[in-house]
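A short write-up of the structure that comes next.
The values are calculated or read from the model by the stated rules, or taken from the named source; none is laboratory data. What you see is a predicted model; the values in this text were computed from it and never measured. Please note: Cβ atoms are built from the backbone with ideal geometry, for glycine as well, and neighbour counts cover all protein chains shown. The area values use the complete protein model at the heavy-atom level, side chains included, leaving out ligands, DNA and RNA. Shrake-Rupley method; radii C 1.70, N 1.55, O 1.52, S 1.80 Å.
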Amino acid sequence: MSALLELTGVEKSFGSAPVLRGVDLELDEHEVVCLIGASGSGKSTLLRCINALEPIDRGTIRLDGAAIAGRGVDLNRLRREVGIVFQSFNLFPHMSVLRNVTLAPREALGMSKADAVARARPLLERIGLWDKRDAYPDRLSGGQQQRVAIVRALAMQPKLMLLDEVTSALDPELVAEVLEIVRELAAEGMTMLIATHEMSFARDIAHRVCFLDAGQILEQGPPEQIFTAPQHPRTAAFLRRVIAAGRL
Amino acid sequence: MDRILAQFFDWELIAESLPGVLRGFRTNLTLMVVAELCVLVWALVLALLRGLPGRAAAPLRWFAIGYIDFFRGLPALVVIYLVGFGLPQTGVAPFSEMSLYQLAVVALTLVYGAYVAEVYRAGIESVHWSQTAASRSLGLSSTKTMRFVVLPQAVRRVIPPLLNDFIGLQKDTALVGIIGVAEGFRRAQIFAGSRFNASSYVGLALCFVVITIPLARFTDYLIRRDQQRTLAAG
């Protein structure tokens, strides 16, 4: 079986600064892969490229065997199949929680209001925020906002979810409630590519961990191997810094 | 001192001229409302054209930029003359059939459309790109992203500066008297000319101030409310 997501030789520069320098990566269906690496190593850019929020300079990205980068690709269709959750939530502040979740099903998939609400309801109930459906995002805690953002992406029933440091903007006591949702999604078999600084979480949840350094995947493997016996000296150095900072 | 008071504040003359001036001022008010609605639509078109992405849309962008630069550089009075006296004489439909009132609306829309387009643009640009990213990542097209995500937030933010421009528009309705629209200023002028006394102007001035000052206070109130909301959120 071919991979759900397949990246080969992906390169991306901002001006003259290379951010991705030939990334190869494969994700099988139901696989959870965590991207670790220092800030600026290209984790976020990689996710944004997969969702075509950034055009890539070279290389190919395939979803379900079909090229999704380059000319003639229906980006809107691609994005309906790949959900992304951002570090800063990016909920629409002028819309209620329910409208945030139903906007894309209604306007991108053309669902009726009743159908979209029927789809949103179990999702919001699941994160315990159905009662807050009429509230605006600024009335919610950061953790609640991020859970709504996850549900908003799930409402499109994507094949693949990209999570871009979804807990980095949260107060420490709110991190757990967001990670819990992600854990549940993983248990249900959602395919996910997760950029994270939460090493213990990555160790817990990932089938595979990729260490990204200066725009390249230097090392990848099962979490136990990466975290306990890293092969590459840069990986080892990064993990030592993380441990020194008390994050593992 | 008495002579100054008599020249400007002859209350009997103000009272005598006021019914006529008020009838004219009604024209200013409807002109303001009609022109404002036209401006809101036309300026939005300009702002959206100016913000169109892609190489194919470049001529439309250039048109919008050229238009905005040009009409912001022209005195409103000149545009009113050009439209009011020039356009009908070209014999080109629909302008040859237009009333002076309609031509006045066209002139004010042309001028204020350029200002308000820039206000819209500032609003659109003030919406953080992450909002666009979130919307596009959900599969919404750029048009729908503009319509549902960016514009509603942009418009909310620019309501105070929009009101500011409308105070300006409100005042400039007094300029269209020069092409013969029987608005308040024109009527005050006729009255003043027959009595050699400026009190009718003062009556008109009071009319304007009664409308614009509350509008200015309301604008201030909205700005303050926005600031407090931002503080509360931050």
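Summary of computed values
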{"quantity": "Charged-residue dipole, Cβ positions (Lys, Arg, Asp, Glu), the stretch B:2-233 about Cα centre, Debye nearest 20", "calculated": "880 debye"}
{"quantity": "Per-q log10 I(q)/I(0), chain A, q = 0.10, 0.14, 0.15, 0.16 Å⁻¹ (Debye; single scatterer per alpha-carbon; no solvent)", "calculated": "-0.48, -0.95, -1.08, -1.21"}
{"quantity": "Ratio of the Cα radius of gyration of the stretch A:195-248 to 2.2 N^0.38 Å, where N counts its residues", "calculated": "1.01"}
{"quantity": "Convex hull volume of the stretch A:104-248 per residue (C-alpha atoms, cubic angstrom)", "calculated": "130 Å³"}
{"quantity": "Dipole-positive endmost among A:242, A:33, A:55 within chain A (Cβ charges, Cα centre)", "calculated": "A:55"}
{"quantity": "Shielding of B:126-137 by partner chains, average beta-carbon count, 10 Å", "calculated": "6"}
{"quantity": "All aspartates and glutamates inside 13 Å of residue B:171 as judged from Cα atoms, apart from same-chain residues fewer than 8 positions distant", "calculated": "B:36, B:183"}
{"quantity": "Carbon and sulfur %, accessible surface of the stretch B:2-233 computed with the full protein complex present, 1.4 Å", "calculated": "67 percent"}
{"quantity": "Whole-percent pair-distance distribution, where bins are 10 Å wide, for the alpha carbons of the protein assembly as shown", "calculated": "4, 16, 21, 18, 14, 11, 8, 5, 3, 1, 0"}
{"quantity": "Estimated FRET transfer efficiency when R0 is 30 angstrom, pair residue B:26-residue B:2 (beta carbons, to 0.05)", "calculated": "0.35"}
{"quantity": "Nearest 10 degrees, 0 to 90: helix B:184-195 Cα axis against chain B principal axis", "calculated": "20 degrees"}
{"quantity": "About the Cα centre, charge dipole magnitude for the stretch A:99-248 (Lys/Arg +1, Asp/Glu -1 at Cβ), debye", "calculated": "280 debye"}
{"quantity": "Accessible surface of residue B:112 - all protein chains present, 1.4 Å probe, nearest 10 Å²", "calculated": "20 Å²"}
{"quantity": "Listed residues B:193, B:164, B:140: farthest to the positive end of the dipole of the stretch B:126-234 (Cβ charges)", "calculated": "B:140"}
{"quantity": "Per-residue mean of C-beta atoms belonging to partner chains within 10 Å, peptide A:46-57", "calculated": "1"}
{"quantity": "Within chain B, helix-based [θ] at 222 nm, where runs of 4 or more DSSP H residues each add -39,500 (n - 2.57), nearest 500", "calculated": "-25500 deg cm²/dmol"}
{"quantity": "Cα long-axis angle, helix A:233-244 against chain A (0 to 90 degrees, to the nearest 10)", "calculated": "60 degrees"}
{"quantity": "Relative packing of A:15-28, A:193-206, which averages over residues the other C-beta atoms within 10 Å, highest first", "calculated": "A:193-206, A:15-28"}
{"quantity": "Largest-first ordering by accessible area, 1.4 Å probe, given options B:4, A:61", "calculated": "B:4, A:61"}
{"quantity": "Mean Cα-pair separation over length for chain B, i.e. relative contact order, pairs under 8 Å, 6 or more apart, %", "calculated": "33 percent"}
{"quantity": "Which of B:79, B:100, B:131, positive extreme of dipole for the stretch B:1-145 (C-beta unit charges)", "calculated": "B:131"}
{"quantity": "Largest-first principal axis extents of the Cα set of the stretch B:1-97 (Å)", "calculated": "68, 33, 22"}
{"quantity": "Solvent-accessible surface (1.4 angstrom probe) belonging to residue A:112, in square angstrom, nearest 10", "calculated": "50 Å²"}
{"quantity": "Sequence-distant lysines (8 or more away, or on other chains) whose Cα lies within less than 29 Å of residue A:43", "calculated": "A:12, A:159, B:144"}
{"quantity": "Residue-level accessible surface for residue A:152, protein heavy atoms, 1.4 Å, Å²", "calculated": "10 Å²"}
{"quantity": "Theoretical ellipticity at 222 nm over chain A - DSSP helices of four or more residues, -39500 (n - 2.57) apiece, nearest 500", "calculated": "-11500 deg cm²/dmol"}
{"quantity": "Tilt relative to chain A, helix A:172-187 - C-alpha long axis, 0 to 90 degrees, to 10", "calculated": "90 degrees"}
{"quantity": "Exposure rank, largest accessible area first [B:132, A:235; 1.4 Å]", "calculated": "B:132, A:235"}
{"quantity": "Dipole moment magnitude, nearest 20 debye, the protein assembly as shown about Cα centre, only Lys, Arg, Asp, Glu C-beta charged", "calculated": "700 debye"}
{"quantity": "Dimensionless Rg ratio for the stretch B:106-170, taking C-alpha atoms and the 2.2 N^0.38 Å reference", "calculated": "1.30"}
{"quantity": "Where the Cα pairs of the stretch B:33-142 fall when distances are cut into 5 Å bins, in %", "calculated": "2, 12, 16, 18, 18, 13, 8, 5, 4, 3, 0"}
{"quantity": "For A:76-84, mean number of other protein chain Cβ atoms within 10 Å", "calculated": "3"}
{"quantity": "Normalised per residue, the volume of the convex hull around the Cα set of the stretch B:2-233 (Å³)", "calculated": "152 Å³"}
